[in-house]
Amino acid sequence: APVFIHPPGDAPAAAPPPPPLDLASDAIRQAQAQGFKVLITAISMGQRERLRELLEDHKIPATTISHWNELLTLSPGSTTFLAVGDLESGFVHGRMGLILLTESAIFGVKTKRRKTDPRYLDQLLAGFADLKEQDPVVHADHGVGRYGGLHSLEVGGIKNDFLLIHYAGTDKLYAPVETLDRVTKYIGGEDVPLDKLGGVKWEKTREKAKRKILEMAEELVRLQALRQANPGFSFSTPDPLLQEFAAGFPFEETPDQTAAIEAVLNDMAQTKPMDRLVCGDVGFGKTEVALRAAFRAVMDGKQVAVLSPTTILTQQHYETFTRRLGSYPVTVDILSRFRTPAEQKKAVEMIAHGGVDIIVGTHRLLQKDVVFKDLGLLVVDEEQRFGVVHKERIKQMRAAVDILTLTATPIPRTLHMAMSGLRDISIIATPPVNRLAIRTFVLQYDRQKVREAVLREIYRGGQVFFVHNRVQDIDKMATDLAELVPEAKIGVAHGQMREGRLEKIMLSFYRQEFNLLLCTTIIENGVDIPTANTIIIHRADKFGLAQLHQLRGRVGRSRHRAYAYLFIPHPQSLTEDAMKRLEAIESMGELGAGFTLATHDMEIRGAGNMLGDEQSGQIREVGFELYNQMLKEAVDSLNAGNGQLSTVGKPEPEEFSPVINLHISTHIPEDYVPDVRQRLTLYKRIATLETANDIGEMRAELTDRFGHLPESASHLLRVMALKQACRRIKILKIDAGPKGASIQFHATPNVNPEGIIALLQQSHGAIRLNHETQSLSIKDRAWEETNARIDELTAILKRLQPSQ
């Protein structure tokens, strides 16, 4: 018989209740024996199919129906039916001999997820929408400068828009809007060193960053090769038992969560050991992904280890795993400092003999005395918070067992896209169900307001964080708060306490033994405490934007409205920068605001956690977005060469940006899109379009949003199509006018030989190839009409493209 481990000091656990389908199948058979038909409703067609498979597994054949009337016409032999319907509760209809059951009656009520407004997502992902004059930007060819606005200039009688960038001294660069794929926002800290136009410093900086990126990418490729060479255990694919366990999840899975679960189970079914990173904020559903993986491993006879960096997080994971697996013959135990030496010794023995299926623990699990009988899966929570020795031990395990790493560190979308070619990553970015935005108030410090804020939370049964980031006088603040709010039970926590004492205080707060935690920023990375829904930050002007965002994220983890009070001295005593930070954090209280805030050092910290501290230095040198572009190029280069650089130690030439000058107007008129920021964002998006399909969708979007496309905007999209063709053929430059054109090829062009020979032969001397300059000259054309010029150039490039 299975042994169910329970926390020390608790009464022995009662026998676990049977799985929900066992109860439901017994009830259905009883109803059928009494002559009733049974109709079960599912909330979707997918859920209906899942139910049908589960019932068949319990030897209950079920007929699916699409309409209620079918119940009256079906043969008398059919007694169990499945239909789609979102009903709150079931009923018994004696005259019809019908019992109706709902899905929620079998598996419990599922909380539904609110759908995200696509316009909100569009706002989050907008390119240059928040770029302001004097903000630092990076041009891939010229280095770091400051944005000087979008300017309309007339050159040779032709009007176009240009992005002005100020460099060191009085240097200026007017970048054509169609080359904005070479311009990115600079995210790399406050101190921004500007480059000089034409200088060699930027070229050296970029090449150094490129080499470091390639070294890091090669190391990741080597790790992948090592995993490929060490075949692991191939777990079973999803079966009815796993589906039944999944059905017990009390929430509707978000699309991100479903994709992550499918990716993990697919990885586990492969012969090579899994090494997947699942990234998502606390409460976004990462633990459920780990639970599905753990259940799969245990049902296949393997042991699972769940490793977390702190004793409190370990306790929380233990309680979650015990609760979700309570109906199944799975043994769960915990190994941490909260267990006595005797209990730890017994747990270690049980692990060695296979008496424990899932062991949840701190770094104690990595010590040499812990030997598993048959470890199949290691779940690592927040790996970056472990020490170097522990990370090395985890690294050794990587090539042998399946590893699932969970992290709440924000990984920006661009870094995820760049890294996806080197590491298996799943992002869970969908906000949790019923999560409400945090109400944020910036207020001048007032004792009465503090009392009101604390009492409001305490009287609704909640808990309060009070952040006071000065250890020297934190005890005095505790005395003041005890006098101000005698109704509150106060605990104090700061980093200078002994680790064991600090853990006990945090655990007591987690268990609601007191309701106000006076603390320093030590809670910045803490456990999920759903009952703590008010945070008071004293002297909020002393914190950075990223830190304020992180601290505010400690609350609002449940369906209750959360409040953040940022107390400051008199506003006139604050610096302009401090006021800007506070205004930003107050205005960005909506869910997902972390994306919009883009909190510079937060993004760098996220990249540093994933890539290492040395890579954080490279990010600061070239800026975060350009770093991502360079990383993507390195990944593409390695993938093309099967993990090997074509020239060892030398960076591959980076992706170039063709220059196209057709001497025509290619801009979005001000009267078509009046808002300059909106125009800038559209220019950025257009410059980064990659396929003909992307251009078609952009044309349709512009027409839909702003009306019939002006000729100059249409020309811009057609020039971008030419640019895409130039990248494929490797053409550096096209210069075309009313009477002809010059096409300059790359040193190693990708041209269709038959196409270029046919083009030269059929032109009767009007098109000539100069081998010395690697250029094509086109003469004697009547291209006064702009579209004729673009049409013929498009046709010529089509003939030059390689056949594949």
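The values are calculated or read from the model by the stated rules, or taken from the named source; none is laboratory data. The shown structure was predicted, so the numbers you read here are calculated from the model rather than taken from an experiment. All Cβ positions, glycine included, derive from the backbone under ideal geometry; neighbour counts span all protein chains shown. Protein only, heavy atoms only, side chains kept; ligands, DNA and RNA dropped before computing areas. Shrake-Rupley method; radii C 1.70, N 1.55, O 1.52, S 1.80 Å.
In terms of solvent-accessible area of protein heavy atoms at a 1.4 angstrom probe, what is the ranking of His538, His663, highest value first? Walk me through the numbers before you get to the answer.
Details: His538 35, His663 85 Å².
Sorted descending by solvent-accessible area, the residues read His663, His538.
Heavy atoms of the protein chains alone define the surface here; on that basis segment 193-335 has 37 Å² accessible area per residue at 1.4 Å probe size. Straight-line cross-link partners of Lys504 among the aspartates and glutamates, defined as a Cα under 13 Å from its Cα and at least 8 positions apart when in the same chain: Glu513. Using the Cβ-Cβ distance between Leu87 and Ala478 with R0 = 45 Å, the FRET efficiency computed as 1/(1 + (r/R0)^6) comes to roughly 0.25. The calculated FRET efficiency for Glu219 paired with Gln270, based on their beta-carbon distance and R0 = 25 Å, is about 0.70. Segment 693-804 has equivalent-ellipsoid semi-axes of 28, 17, 11 Å, by the square roots of 5 times the alpha carbon gyration tensor eigenvalues, sorted largest first. Multiplying the residue separation of Leu226 and Ala27 by 0.36 nm and removing their Cα-Cα distance gives an extension gain of 66.4 nm. Considering every alpha-carbon pair of segment 240-336, the percent of pairs per 10 Å bin, from zero through the bin containing the longest distance, is 13, 49, 35, 2. Label positions at Arg146 and Glu319, each projected 7 Å from the Cα along the C-beta direction, are separated by 5.2 nm.
Computed over protein heavy atoms with a 1.4 angstrom probe, the accessible surface ordering of Asp369, Asp333, largest first, is Asp369, Asp333. Summarising the amide proton neighbourhood of Thr80: residues at separation of 5 or more, or on other chains, whose placed amide H is nearer than 5 Å comprise Val38, Thr63.
Semi-axes of the equivalent ellipsoid for segment 435-530, computed as √(5λ) from the eigenvalues of its C-alpha gyration tensor and ordered from largest down, come to 20, 17, 14 Å. For segment 473-573, the average shadow cast by the Cα convex hull is 7.3 nm², which is a quarter of the hull's surface.
Express in nm, to one decimal, how much length is gained between Lys204 and Gln496 on full extension, taking 0.36 nm for each residue of separation and deducting their alpha carbon distance. Write down the numbers at each step before the final one.
On the way: separation 292, 0.36 × 292 = 105.12 nm, distance 4.38 nm.
Value of the extension gain: 100.7 nm.
Using the Kirkwood radius over C-alpha pairs as Rh, can you work out the diffusion coefficient of segment 655-729 via Stokes-Einstein at 4 °C, viscosity 1.567 mPa s, in µm² per second? Please report the intermediate quantities before stating the final value.
Values: Rh = 12.9 Å.
Estimated diffusion coefficient is 101 µm²/s.
Using the alpha-carbon centroid of each, what span in Å lies between segment 739-754 and segment 439-486? First find each Cα centre; the distance between them is then 71 Å.
Residue-wise HN-Hα couplings along segment 453-470, as the Karplus relation 6.51 cos²θ - 1.76 cosθ + 1.60 with θ = phi - 60° gives them from phi, are 5, 5, 5, 4, 6, 5, 5, 9, x, x, 10, 10, 9, 10, 8, 10, 8, 10 Hz; Gly and Pro carry x.
How high is the relative contact order of segment 749-804, given as a whole-number percent (alpha carbon pairs under 8 Å, six or more residues apart)?
In percent, rounded to a whole number, it is 48.
For the cross-link pairs Lys345/Lys489; Lys196/Lys739; Lys159/Lys739, the ones whose C-alpha atoms lie over 32 Å apart are Lys345/Lys489; Lys196/Lys739. Taking every protein chain into account, the 1.4 Å probe leaves Thr794 with about 60 Å² of accessible area, to the nearest ten.
Per-residue accessible area for Arg182 at 1.4 Å probe radius, Å² rounded to 10? Result for Arg182: roughly 20 Å² accessible. Derived scalar couplings between HN and Hα for segment 137-153 equal 10, 10, 9, 4, 9, 10, x, 8, x, 10, 5, x, x, 9, 10, 8, 10 Hz in order, rounded to whole Hz, by the Karplus curve 6.51 cos²θ - 1.76 cosθ + 1.60 (θ = phi - 60°), x for Gly and Pro.
Working note: Karplus 6.51/-1.76/1.60 with θ = phi - 60° gives segment 696-711 the couplings x, 5, 5, 4, 5, 5, 4, 5, 5, 7, 10, x, 3, 6, x, 4 Hz, where Gly and Pro are set to x. All C-alpha pair distances within segment 155-246, sorted into 5 Å bins from zero, spread as 2, 8, 9, 13, 12, 9, 8, 7, 7, 7, 6, 6, 4, 2, 0 percent across the bins. Taking amide H atoms as placed 1.01 Å from N in the peptide plane, the amide H of Asp424 lies under 5 Å from those of Leu277, each 5 or more residues away in sequence or on another chain.
Please tell me the relative contact order of segment 697-803 in percent, rounded to the nearest whole number, where contacts are Cα pairs under 8 Å and at least six residues apart.
Working: 129 pairs, mean separation 31.5, N = 107.
Rounded, it is 29 percent for segment 697-803.
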